[in-house]
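Report on the following structure.
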Amino acid sequence: MTRLFELGKTTAQKTSISKMKQSNKLETWGSETTMNLNNILYQNIQASPYFKHLYELKTYHEVIDEIFNHVESLEPFLKGTTASTAFCLLYKLWTLRLTVKQINGLIQHTDSPHIRALGFLYLRYVCKPVHLWEWFEEYLDDEEEVQVQGGPRPNIITIGKMCRQLLTEQKWLGTILPRIPVPIARDIDQKLKERSQPHLPPRRESPTYDLEPKHSAERSLRREDEDRNYRRSRSRSADRRSHRVRDYDYERSRRERDRIRDSDRDHRDRRRSRSRHRRHRSSSRDHDRRGNHDHDRRGSYDYDRRYDDDRRRRHDDDRHERRRSRSPRS
């Protein structure tokens, strides 16, 4: 229902635009005196010596020539609050009360982009907000460049970008633009979003063919065989993976058992060595208690030392005897 209402609304707007073009009279809104300009800007235009010089220009074409020769940027002010040449000429166009045909001549002019830009500014200030989209829609993607700010770092944008800024923003280079009603502003934003979205071609449905029953049956059987083979290969690969997992688990458990067995063996060996050392120390203490004073209280250290000395002495004697036996007899 809402869609039908919007379609009816758009149709009514286009009808009003066509009627306006047939009557060649632009439907304006707001103040007939100030052209909906900011009050400070309007007063500075009225006090400008350059604007007073423009009284000599009486026709539309003379103003167009003046724009072509003198406008280099679209700033509202020059230095301080001095009104710029562009906005003085813009207000001069308002005093001429341009027709629809003359406005089309402005925005479609081929000699200077500044002439076109002043045409769009003229529409933004005085045209009814409900008709703004129909005027600007055709030029939203215009790639012609225009210098909007001068100086050592000039600002250059396209005509399309300028049109988008005039439709969506509330200021133009520091000066306030006429307020667009909220419902119309939302409608413009929605239309801009729809334009920015990529237009995909409609999806074509896959063609259907009438196949003979024999061929369709053969195709279904072939498809079943392919599915069966695929499931079989998948099951085999799953079995292989499960076997690998089981082998890995078995190998890991075997390594764990070996590690535990080795640790138990080391622990058992340490226990045996401790018990052997305890038995040796206890026997040495018993022998010391029985009266063998050659042993000290720590064990059989003296006995072992004498035993080692005897072995060393016997070894030295045997080596000496062998040397004597190998030496030639005198």
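The values are calculated or read from the model by the stated rules, or taken from the named source; none is laboratory data. Because the structure is a prediction, the values reported are computed rather than measured. Virtual Cβ from ideal backbone geometry, glycine too; neighbours counted across all protein chains shown. Keep in mind that these areas ignore ligands, DNA and RNA; they rest on the heavy atoms of the full protein, side chains included. Shrake-Rupley method; radii C 1.70, N 1.55, O 1.52, S 1.80 Å.
Tabulated data
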{"read-out": "Out of Ile188, Ile180, sole residue that is at pLDDT 85 or above and in a loop (DSSP other than H, G, I, E, B)", "value": "Ile180"}
{"read-out": "Residue match in region 116-139 (condition: under 42 Å from the mean Cα position of the chain (by Cα), assigned to a loop (DSSP other than H, G, I, E, B) and not small (Gly, Ala, Ser))", "value": "yes"}
{"read-out": "Checklist (1) touching a strand residue (DSSP E or B) at 6+ places or on another chain (Cβ under 9 Å); (2) under 20 Å from Phe87 (Cα atoms) applied to Gly150, failing item", "value": "(1)"}
{"read-out": "Of residues in region 140-150 being surrounded by 16 or more Cβ atoms within 10 Å (Cβ to Cβ) and within 31 Å of the chain's Cα centre (by Cα), the one nearest to Ser112 (Cα to Cα)", "value": "Asp142"}
{"read-out": "Selection from region 119-128 of residues that are crowded, with 19+ Cβ neighbours inside 10 Å, over 14 Å from Phe68 (Cα atoms) and not hydroxyl-bearing (Ser, Thr, Tyr)", "value": "Phe120, Leu121, Leu123, Arg124, Val126, Cys127"}
{"read-out": "Residue under evaluation Glu62, criteria (1) in contact (Cβ under 8 Å) with a residue 40 or more places away in the chain; (2) over 27 Å from Glu137 (Cβ atoms), criterion not met", "value": "(1)"}
{"read-out": "Filter result for the condition that a residue is of a type outside the set (Ser, Thr, Tyr), open to solvent by 40 Å² or more (accessible area, probe 1.4 Å) and farther than 22 Å from Ser196 by Cα, over Arg153, Arg164, Arg116", "value": "Arg153"}
{"read-out": "Elements of type helices (runs of 4 or more DSSP H) in region 1-110, at least 2 residues being open to solvent by 70 Å² or more (accessible area, probe 1.4 Å), at pLDDT 95 or above and acidic (Asp, Glu)", "value": "60-70"}
